[in-house]
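Shown next, in structure tokens, is the structure this report addresses.
The values are calculated or read from the model by the stated rules, or taken from the named source; none is laboratory data. The model shown is predicted, which means the values in this text are computed figures rather than measured ones. As a convention, Cβ positions derive from the backbone with ideal geometry for all residues, glycine included, and neighbour counts pool all protein chains shown. Surface accessibility is based on the protein's heavy atoms, side chains included, excluding ligands, DNA and RNA. Shrake-Rupley method; radii C 1.70, N 1.55, O 1.52, S 1.80 Å.
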Amino acid sequence: MTRPPAGKRDFTLLWASQTFSEFAYSTSLLALPLIVLTVTGSPSQAGFIGFVDAVTMVLAGLPAGTIADRYDRRTVMLWCQAGLVLVFAGAAVALWAGVASFGVLVAFALANGALTAVLFTTASAMVPSLVPAEELSDAVAANAARTYAGQLLGTSAGGFLQSMRNALPFALGAVVHGVGLVVLLFLRPQPSLPRQEPRGKPGRELLEGIRWIAGQPFLRLGLLYATIANFLYGTVYFIVIASAKQSGMDSGLIGLMAALLGVGGLLGALVAPRLLRVLTGSRPVFVVLWLFGVLAVGTALLPGRFTPGVLLGVAAFAAPTASAYFTTHQLLLTPDSHRGRVMAVAQVAGSSAAAAPLVGGVAYDLAGRAPSLLACATVLVATALSAVLSPVMRNPPRSAAEADEEGGRAPEPSGTAQV
């Protein structure tokens with residue numbers, strides 16, 4: 001039997017370990033607000049606990065990139081996985097014993113968000129060193145499938161287990177992170193790639209990474225659109241979940257409805273490589289932005305208890321194609337010496353939904369379900385129109401040299417996946 005190449009084997013191990021992490025994170029992401037809603041009955045307070053978790057990922061995201069560029073990435077991920085095992089186990093014990101105050105839940109959200117930010121950023125930065133450039137888009141699509149598979153199973157498990165007992169989602173999360181830690185131990189230490197030596201304090205290195213991506217017009221504008229889309233999608237998602245809970249829907253059914261997003265995203269990630277061959281240029285980005293806007297209108301106006309889950313699942317189906325397209329460009333155009341920090345900026349954009357639970361909860365309390373969703377749809381349509389009219393988005397760079405010419409600077413690239 002032929003053994004897979006070393007890089008492919010290590011990518012498979014990394015992928016498997018991160019799949020377990022995605023599952024555990026998605027489990028807590030749904031269960032935590034549901035616990036607060038069950039105890040307080042307040043969408044605003046439930047939104048706040050989700051906000052704490054998400055905003056911690058944003059605040060920890062940028063320093064995470066510096067950590068990924070400074071230290072051995074496998075070692076960093078091992079420490080993060082071990083920390084998450086302890087955090088989830090501690091939350092489970094506190095909830096089981098009935099001593100988990102709101103402050104304890106906030107502390108869990110802070111630790112979970114910070115460790116997860118470092119773990120995900122470091123793993124993303126490692127991918128180009130494990131696969132050749134011609135296979136990078138497929139690897140990115142596989143990572144998207146991993147994310148949605150984790151979301152599909154995690155949200156279902158989170159809602160179901162929370163309806164039985166509050167501690168169960170976190171006990172399961174501790175076990176799953178433990179499995180992810182064990183899998184990661186089999187990932188062989190990667191040879192040191194030719195990177196620039198640290199130039200000084202971590203803060204200066206972080207600013208250097210931000211300045212580099214700010215000098216790339218296509219990446220800069222693409223991240224802006226991703227930030228807007230992620231924030232609005234997260235807001236719509238929270239309003240749908242909160243309104244379902246307020247209408248009396250069982251937590252298990254809410255988990256099932258939320259799992260439709262995972263179904264759509266997983267199927268979309270599986271077909272993303274084929275769709276990328278059909279949707280040339282920046283069309284994947286345009287299609288997703290327009291589709292999000294139209295589906296947000298449908299979520300606000302169409303009847304049916306599971307209709308919002310179906311529509312959000314359709315949006316999730318389209319998202320991996322746009323994500324794979326943009327992330328592949330981002331990784332190929334970025335030298336390995338900067339990948340951790342550049343991916344950290346991307347993770348921050350991906351975590352732009354940090355304020356979404358808080359904003360969604362307040363908007364739902366003040367304006368109600370339909371007006372809040374229609375407001376999100378209006379902004380999404382305006383964003384889509386702006387992207388279509390942008391010359392930068394209509395003419396993406398086809399090579400690293402072309403991107404450097406646009407940005408005015410060309411750091412020396414290194415690593416396996418290059419153009």
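Worth a mention:
- Relative packing of peptides 282-294, 378-390, 169-181 - highest average C-beta neighbours within 10 Å first: 169-181, 282-294, 378-390
- Proximal charge balance of Val388 [Cβ under 14 Å; K/R count +1, D/E count -1]: +2
- Rounded FRET efficiency, nearest 0.05, which uses the C-beta distance separating Leu389 from Arg165 and R0 of 35 Å: 0.10
- Comparing mean-square fluctuations of Phe88, Phe23, Phe186 from a GNM of the chain with C-alpha springs under 10 Å, the top value falls on Phe186.
- Given their separation in residues at 0.36 nm each and the Cα-Cα distance between them, Val379 and Arg70 gain 107.4 nm when the chain is fully extended.
- Counting only protein heavy atoms and a probe of 1.4 Å, the accessible surface of the chain is 69% carbon and sulfur.
- Estimated from the Cβ-Cβ distance and a Förster radius of 51 angstrom, the FRET efficiency linking Met249 and Trp79 is about 0.85.
- For the chain, a Gaussian network of Cα nodes joined below 10 Å ranks Pro303, Pro63, Pro396 by mean-square fluctuation, and the top entry is Pro303.
- Size descriptors for the chain (Cα atoms only): Rg and Dmax, in that order, 20.5, 63 Å.
- Among Ser247, Ser137, Ser372, the largest mean-square fluctuation in a Gaussian network model of the chain, built with springs joining Cα atoms closer than 10 Å, belongs to Ser247.
- Helix-derived mean residue ellipticity, 222 nm - over the chain, DSSP H n ≥ 4, -39500 (n - 2.57), to 500: -28000 deg cm²/dmol
- For region 249-382: rounded, prolate or oblate by the Cα gyration tensor [a/c cutoff 1.5]: prolate
- Backbone geometry of region 304-315 corresponds, through the Karplus equation with coefficients 6.51, -1.76 and 1.60 at θ = phi - 60°, to 3J(HN,Hα) couplings of x, 5, 9, 4, x, x, 5, 5, 5, x, 5, 4 Hz, x marking Gly and Pro.
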